[in-house]
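Quick notes on the structure that follows.
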Amino acid sequence: MKQQKRVLFLKLSNSIIIRNDIVSKAEEGEYFKNENKIVLRNEVRVEYDKGNIAAEKMSALLETEEYTFNDNVILRCRLEDKDFKLKAPYLLMYFTDNSFAARKGVIIEYNRRTIKGDNVKYNSKKKLLNFSGNVCIEEDNGDWVKGDKAVFYLEKAEFIVGGEVSMEVKINCG
């Protein structure tokens, strides 16, 4: 006779979950004990020492501290002592080192620039953003550069754009 596997879970409403320095809040959620996983839905808010994240849905693997956010994701934090704001439909956050990956159309506002791309990965150790697909970097003054991929070095506020590149720069001669 086959033995049935029991899945233990706890249904939560108006939940607040505190794990290490990460505080997660949502209108509803579930905890899956066998997987050590939390799934939160509806007005998810996560606060941590570097900033905060809002989304409609979040799932967290508590053992590895990998948090996946979906739908209307907004990440706000400080990087290199400057305000950083990311909007995307999908974000995978690694809280062990504060690295992340976002995809499906990403918009970042940082250091008087708006950077758009299909996908981005942030390496917190190297302090760089790797963009891929339909990258556009716009300056506050209207200058822009577009390419297939880009690497953005946060410490130097410099970037390298690759692939098929086009740009518009306004030159003031007077």
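The values are calculated or read from the model by the stated rules, or taken from the named source; none is laboratory data. All figures in this text were calculated on a predicted structure; none of them were measured in a lab. When we count neighbours, we look across all protein chains shown, and the Cβ atoms used for this are built from the backbone with ideal geometry, even at glycine. Each accessible area value is taken on the protein alone, full model and side chains, heavy atoms only, with ligands, DNA and RNA left out. Shrake-Rupley method; radii C 1.70, N 1.55, O 1.52, S 1.80 Å.
What the table below lists for this structure:
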item	result
One residue from Lys156, Lys87, Lys104, Lys170 being modelled with pLDDT of 95 or more and either more than 19 Å from Lys50 (Cβ to Cβ) or assigned to a strand (DSSP E or B) (or both)	Lys87
Test: residue in region 131-149 that is under 15 Å from the mean Cα position of the chain (by Cα), in contact (Cβ under 8 Å) with a residue 40 or more places away in the chain and open to solvent by less than 30 Å² (accessible area, probe 1.4 Å)	no
Unmet criterion (only one of (1) touching a residue at least 12 places away in the same chain (Cβ under 8 Å); (2) open to solvent by 40 Å² or more (accessible area, probe 1.4 Å); (3) farther than 14 Å from Phe69 by Cβ; (4) not hydrophobic (A, V, I, L, M, F, W, C)) for Thr114	(2)
Filtered residues of region 39-79 (kept if touching a residue at least 24 places away in the same chain (Cβ under 8 Å), out of contact with any Gly (no Cβ under 6 Å at 6 or more places or on another chain) and of a type in the set (A, V, I, L, M, F, W, C))	Val44, Val46, Ile53, Ala55, Met58, Ala60, Leu61, Leu62, Phe69, Val73, Leu75, Leu79
Search result, residues across region 118-130 that are crowded, with 18+ Cβ neighbours inside 10 Å and under 19 Å from Arg76 (Cβ atoms)	Val120, Tyr122, Leu129
Single unsatisfied condition, Glu80 versus (1) more than 11 Å from the chain's Cα centre (by Cα); (2) surrounded by 15 or more Cβ atoms within 10 Å (Cβ to Cβ)	(2)
Selected residue [of a type in the set (Val, Ile, Thr) and within 23 Å of the chain's Cα centre (by Cα)] from Val161, Val165, Val169	Val161
Residues of region 120-130 that turn out to be more than 14 Å from Ile108 (Cα to Cα) and in contact (Cβ under 8 Å) with a residue 24 or more places away in the chain, as a count	4
